[in-house]
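Data first, discussion second: the structure below is written as structure tokens.
Every number in this text was worked out from the coordinates using simple rules, so none of it is lab data. Note that this is a predicted model, so its numbers are computed, not measured. All Cβ positions, glycine included, derive from the backbone under ideal geometry; neighbour counts span all protein chains shown.
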Amino acid sequence: MVFSSNVFLLYFMPIFFAVYFLTPRKIRNYVLLFASLLFYAYGAPEFIIHLILSTIANFYLVRWMMKAKEKENGKLRTENFPFSVLPPIRSVSPSGFRFPLSKLLCGLSIAISIGLLFYFKYGNFTMQNLNTILGWAGFKSLSWTKILLPIGISFFSFQSVTYTLDTYRGVNKPMERLSDYMLYIVMFPQLIAGPIVRYCDIADQIRNRESLYTDRLHGFYRFVLGLCKKVLIADVIGFQVDQVLGPSNYDVLTSAQLADIANKIAAIDSTTAWITILAFTFQIYFDFAGYSDMAIGLGRMMGFRFPENFDNPYVSTTISEFWRRWHQTFCVFITNYLYFPLGGSRVKTEARKYFNLWFCFLVSGLWHGAAWNFVVYGALQGIFICADKLFLKKFNERMGRIPSVFFTFCLIVLTRCFFRIERIDLSWLFIKRLFAFDFVPFHFGENPHLYVTMLIAAFFSFFTLSKFGLKVQDKVYFTEYNKRQHILAFVVSLCAFVFCLGALNATGFSPFIYFRF
Amino acid sequence: MKRPVRYTIQFASILVVLLAVLLQGLTHAVNTKPLAGYTDELDTVPLNFSTYYDGTFQDYLTDYAKENTGFREWAIRLYNQVSYSCFNKTHCHFITPGKDGYLFYSEAFREYYGIEPLHFYKTYDNARIWAQKNVRMMNKLRYVLKDYGVEFLCFMAPDKAEIYSEYLPYHEPPKGNVIHTAAYYDSLMTAIGFPHVEMTKWYLAMKDTASFPLFPKRDTHWRYAAVYGFDSLFSYMDSLNGFGIPDIHVNQLIALDTEYLENDEQTLNLLFPIGNDSPKYRADITIDCDEGCHKPKVLFVGDSFIWDLETYMPWKEILADVEIWFYNKAAFVGFDKERHPVTEINRLRSLLNADYVVWYSSGYQWSRASYDFVEDALIQLCVTDSLFDAQIPWVMDSLGNDSAFKAKYYAQHYCEISPDSLRQYAINLLKSNPELIPGLRGEAMPTIRNTKAIALAQQANTIANDKLWKTTLEMAASKTERSFAELLDKEAENVLFGRPLLKDEIQADTATIIQYEVEKLINLWRNDPKQTLFLERKAKDKGKDYETVMQEDARWVIQEKLINGELF
């Protein structure tokens, strides 16, 4: 179920909120948990059992891990341990060798989360490449049944990892109740496309949160804002992108359809190519930021404060800054759970430092999809980040703010080719069309809706370059409204909601891009 | 917790709005003007484990929710209005908005810019090859039909996009050796002398002098101006063989003072009308049918441009009988437009029963020509079942082993399928490429005929055109619960092979036939709610029994038909 669908907007959401707010506070978490499981089961019936079982397994593994850790530290009185079904903890082996059982359990918990992620997301990719290599070497291909990707696995797997590691590191205590942990993992606003909420950020809110009426209103405004970004901007622009580059997922295409796309790309002029990739750059931002707004808004209506996921990424003056502003919760995850464990910047050699940086971006590229284009995308981002540290940042500083924003934006736009076109040969073909310099005159009248929408997208993407823009943004997003402002926002939100409904029904169903990751 | 009343009310209002939309979607309690345009009817998918697990129920629910969104009509009209007013954009993908409130059919717009052939044939060269093949087969069909006294000709209806191209929106012209399909067909037909009427040029010549718009601003079809097209068509048909078709005089077009939404504008589903600058017209027509004038039987095969003939022309005054094969899919038989799938009627009979067969198409539809009509007609007329079946093995063999053959007939991806599927593919390939069959190959005119089937069809037509004979068979069919078509074929065989005739076996007298006709009419009325209501009122007014009134009225109608010679 996607947020921008009639089923969600007109059936699930009103019924859920009516029931949620009418039930006593004590059982609201159960209502939310039930609704979240229903939400996931609706869209991915074949994976709901897998989600539930892996969540249960992780919950008990972490509890066991903490018991082991505390016993290792000599702090736990075993008789108080609530989970007595598990076998007694053996911290000393019969041979006398002490092995850290807590570490082992921590590793097992992470292995389950990452293992499932790897199996479902990268199994096909790995086998495909393995068979190619075997073919080159003259061996017979291994048989492999293609597996489907469970929706949202990249997000809930990461949340499981944050819980395990943060608990292991002592950042927070393990959860008392399975239902609370399950709620943390499967809560529907952030279940399938984030933001990736760290356990420590939300632990208190799960048991004890306050939902003021103003929060509910702000949540609704935020939700509608996200819906507008998705339906009125991203979908409009995306339609044009799909016209040129075909559907976003090339896995489902036949070779004839791919050949058609290749022919289409080979035939486009440079003007169309630039408009297309620029359009995609805006589309992906408004699509994903729109989804995050909706998730944050839904959470806030229930009293949750999810972390922000975007901070005007296109006004960045360097690629490093861009990654601090783009998909922030993911970047925080990579920093805390990959970059730091690799040693971060506190390593012996400069080369290792740059390798760590580059490697993190390579992994983040691969996280976006199991295909070589994403590997290239991640590798390029890593190279730019390293270049930033080496010389690019200084170069940008000398250029001044506006030129460096423009320069950085151009780099982002170019790398988007590898993000959108899931075949490296086609990405390369497209880049060649960008620089073929066979420009044709631009005709605004050819598609005014697209161009006006792109202008609006550009305006809001760069709006916060000015102080006034920042002020407006702070007012809209982060400041409490007074009575009049509430009435205005209420009326505007309802009108926008109805308008989005019209757009959704007039233009068709529109799935989100980020569900694939 | 801080709970100011106004925030409570505001939040409650949001929930109320959301729930109101939900309830409206479920109950449709508030009447809203339905949206115009066609959508596929949704097939209900029951909720069970299987439909849930494979996602078909979810897909169904998504579609259901979309179709049953509360106040959907208002929301869609609002969005469409904003899109149209601000960006001159429509959400009906068949309609492309032009300048100054003009609307164009999207295919016609693409055809004008030469994009449409690429959509169908990928390259212009393929489009040319296809058109040449079609015209060659059309000429062969004309040659064969001529043997049986049937004139086959072509009518090229005008394209609004060509006539009012100055109102088209901008589009980057495609690169390469562009062809415009209709113009290319016109040149091919002219080159070989195939009889055809090309209306676009004629309309373009008339455009600046006509006192009325040749096309409505917001309609793809030519509507009232169709009368000029059909006037030309019938004159041309008559000139081909001197049949003596009634003279059609289009005196004038009279502007009507009625406000209305044109067809394409309706499908845009806007909140407000685009404008009131495209008046509706009525055609003032007189038909002269003096001595020696004959009303022809015509079979029309083609697109929706035919319906304006029915609306604006006095159809029954010009034609003796008519059949329309709409896109060669749905057959509308007779003036009452009895509808059947084309595949379920005796196509050979229809072809041979007509005095004229008119293949007609508007310009942008030429890329689809001829919806397999010409191919099928050639096979019906020329190829016996045994000859057709004899071709299947070598076509299957070629599909399997001949790479050049495979490449030519786009069958690469069928090579590894099961033999059964390959056989079906070979059959379909033969049906769509009759020139693969010996006797129909190459440039030469067909040397083969489906003689027996043709003789049967002609005999069946003779029987069907004899009203008494036909009615007798219909009566027999209704009594024996067999189909009329079956008895007709049997009777035709009886005649051809000198067997005893059903007509003679039944020996129905006039009274029996009249009684049968009365019963048939009564059955028809019983299924017509309007007629039933009328008869109920009549019975009440006259103080008689409903059944009695119905019997009396039916008998009176049949007697009148008998007197007028309409019965037999």
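Quick notes on this structure:
- Set of segment B:1-30 residues, backbone N closer than 18 Å to the point 7 Å along the Cα-Cβ line of A:Arg25: B:1-5, B:8
- Cα gyration tensor category, rounded, prolate or oblate, for segment B:262-389 with a/c compared to 1.5: oblate
- Coarse-grained scattering of segment A:28-208 at q = 0.12 Å⁻¹, given as base-10 log I(q)/I(0) from a Debye sum over alpha-carbon atoms: -0.66
- Computed over the Cα atoms of segment A:315-421, the ratio of the radius of gyration to the Kirkwood radius (Rg/Rh) comes to 0.97.
- Label sites at A:Ile487 and B:Leu23, each approximated as a point 7 angstrom past Cα along Cα to Cβ, lie 2.6 nm apart.
- Potential lengthening between B:Arg537 and B:Ser432 on full extension [0.36 nm per residue; Cα-Cα distance subtracted]: 32.3 nm
- By the combined test of axial Cα extent (at least 30 Å) and Kyte-Doolittle hydropathy (mean at least 0.0), the qualifying DSSP H helices of chain B come to B:5-27.
- With R₀ fixed at 51 Å, the C-beta to C-beta distance from B:Ser403 to B:His294 puts the FRET efficiency at about 0.40.
- B:Ala36/B:Arg6 FRET efficiency (R0 60 Å; Cβ-Cβ; nearest 0.05): 0.90
- Theoretical FRET efficiency, 1/(1+(r/R0)^6), r = Cβ-Cβ of A:Leu414 and A:Asp474, R0 25 Å, to 0.05: 0.20
- Chain lengthening between A:Ala266 and A:Asn129 when straightened (0.36 nm per residue, less Cα-Cα): 46.6 nm
- Secondary-structure-derived ellipticity at 222 nm for chain B, considering helices only, amounts to -16000 deg cm²/dmol, per-run term -39500 (n - 2.57) for DSSP H runs with n ≥ 4.
- Mean projection of the Cα convex hull over all viewing directions, computed for the protein assembly as shown: 59.6 nm².
- Translational D in µm²/s for segment B:429-540 (Stokes-Einstein at 20 °C, 1.002 mPa s, Kirkwood Rh from C-alpha pairs): 123 µm²/s
- Debye log10 I(q)/I(0) at q = 0.17, 0.23 Å⁻¹ for segment A:253-327, Cα point scatterers: -0.82, -1.00
- Full-extension gain in nm, B:Lys280 to B:Asp466, via 0.36 nm per residue minus C-alpha separation: 62.7 nm
- Point-to-point label distance, B:Tyr143-A:Phe118, nm (Cα→Cβ direction, 7 Å offset): 7.2 nm
- Site pair B:Asn241 and B:His119 shows an inter-label distance of 3.6 nm when each label is modelled 7 Å from Cα along Cα→Cβ.
- Sorted largest first, the principal axis extents computed over the alpha-carbon atoms of chain B equal 101, 79, 66 Å.
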